[in-house]
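Reviewing the structure listed below.
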Amino acid sequence: MKEIQTILVVDDDKSIVELLRDFLENDGFYVKTAYDADQALSTLKQVTIDCIILDIMMPRQNGFEFCRQVREESNIPILFLSALSDDVDKIRGLALGADDYIVKTASPGEIIARVKAVLRRSGSQKGFSRRILDYGGLTLDLSTREVFVEGRCISLTPKEYELLRLFAEHPQIVFTYDQLLEKFWDGIGDKHTVRVHISRLREKLESDPNEPKYIFNVWGIGYRFKGE
């Protein structure tokens with residue numbers, strides 16, 4: 001099963017954010033959004049992000065300053081998205097460590113193609129670097145797709161792994177039954193389909209599936225991941 005990659009869209013123009021989110025989600029990405037640098041930094045601390053689409057002209061802290069701040073700690077691919085087409089801005093953005101520069105007049109299809117190209121380049125440069133999500137008794141090694149419970153490697157089906165990864169990368173986020181069905185079953189099935197898979201996953205993760213520590217029911221809505 002293809003791994004779901006997460007894109008962070010940062011722009012103070014909500015209409016652009018919503019448009020990009022719709023097109024990216026339609027292409028199979030998971031999308032987080034932020035309307036200023038502070039929100040974006042908060043998201044980066046909570047969620048594993050694979051790529052950032054970043055506006056330049058934002059209030060308080062502009063995109064150039066935000067890019068410089070991110071590059072002090074991370075090599076996450078960054079694509080500047082700006083109404084400015086001036087070469088000076090392009091050069092400045094790339095010099096700060098951005099991976100690409102796109103003007104807002106570009107079509108959504110071109111933007112998505114550029115995102116995919118940057119992700120491919122980023123993946124080839126990562127080599128064998130390891131990405132670990134550690135929740136005390138539960139650890140996910142995203143590089144090897146291994147899952148450990150209390151130090152013991154457990155066997156998950158591909159769908160169980162992708163379900164767990166989605167939850168673990170987005171703690172406290174509530175995923176509805178419909179969202180999970182759409183992402184993992186192409187919208188085919190019902191609540192029972194999701195419940196059966198979550199139940200099997202809990203049996204492998206939890207010492208007591210009836211008193212879960214990781215994946216919690218949000219009654220009538222779906223599930224969320226808490227961790228210890």
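Here are the numbers:
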{"read-out": "Boolean, I102 is outside any loop (DSSP other than H, G, I, E, B), β-branched (V, I, T) and farther than 26 Å from F175 by Cβ", "value": "yes"}
{"read-out": "Verdict on E169 being closer than 21 Å to I7 by Cβ, in contact with a Ser or Thr (Cβ under 9 Å, 6 or more places away or on another chain) and touching a residue at least 24 places away in the same chain (Cβ under 8 Å)", "value": "yes"}
{"read-out": "Flag for I78 being of a type in the set (V, I, T) and in contact with a Cys (Cβ under 6 Å, 6 or more places away or on another chain)", "value": "yes"}
{"read-out": "Positions within the stretch 121-145 being polar (S, T, N, Q), in a helix (DSSP H, G or I) and modelled with pLDDT of 65 or more, in sequence order", "value": "S122"}
{"read-out": "Some residue of the stretch 24-46 being touching a residue at least 60 places away in the same chain (Cβ under 8 Å), part of a loop (DSSP other than H, G, I, E, B), open to solvent by 20 Å² or more (accessible area, probe 1.4 Å) and of a type outside the set (F, W, Y)", "value": "yes"}
{"read-out": "Candidate set from the stretch 10-23 (those that are in a loop (DSSP other than H, G, I, E, B) and open to solvent by 10 Å² or more (accessible area, probe 1.4 Å)); member that is farthest from A98 (Cα to Cα)", "value": "D13"}
{"read-out": "Test: residue in the stretch 210-228 that is exposed (fewer than 15 other Cβ atoms within 10 Å of the Cβ), touching a residue at least 60 places away in the same chain (Cβ under 8 Å) and of a type in the set (D, E)", "value": "yes"}
{"read-out": "Qualifying positions in the stretch 132-149 - surrounded by 13 or more Cβ atoms within 10 Å (Cβ to Cβ), under 18 Å from the mean Cα position of the chain (by Cα) and of a type in the set (D, E, K, R)", "value": "D141, R145"}
{"read-out": "Filter result for the condition that a residue is under 22 Å from E182 (Cα atoms), under 14 Å from the mean Cα position of the chain (by Cα) and among the hydrophobic types (A, V, I, L, M, F, W, C), over V17, V115, V10, V47", "value": "V47"}
{"read-out": "Selection status of I53, touching a Phe, Trp or Tyr at 6+ places or on another chain (Cβ under 9 Å), under 28 Å from S143 (Cβ atoms), open to solvent by less than 60 Å² (accessible area, probe 1.4 Å) and outside any helix (DSSP H, G or I)", "value": "yes"}
{"read-out": "Qualifying helices (runs of 4 or more DSSP H) (wholly inside the stretch 150-219; at least 3 residues being modelled with pLDDT under 90 and within 19 Å of the chain's Cα centre (by Cα))", "value": "158-169, 177-185"}
{"read-out": "F80 being assigned to a helix (DSSP H, G or I), aromatic (F, W, Y) and either open to solvent by less than 10 Å² (accessible area, probe 1.4 Å) or free of Cβ contacts under 8 Å to residues at least 40 places away in the same chain (or both)", "value": "no"}
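The values are calculated or read from the model by the stated rules, or taken from the named source; none is laboratory data. All values derive from a computational prediction rather than experimental measurement. So basically every Cβ, Gly included, is an ideal-geometry build from the backbone, and we count neighbours across all protein chains shown. In case anyone asks, the SASA skips ligands and DNA or RNA and just uses the protein heavy atoms, side chains included. Shrake-Rupley method; radii C 1.70, N 1.55, O 1.52, S 1.80 Å.
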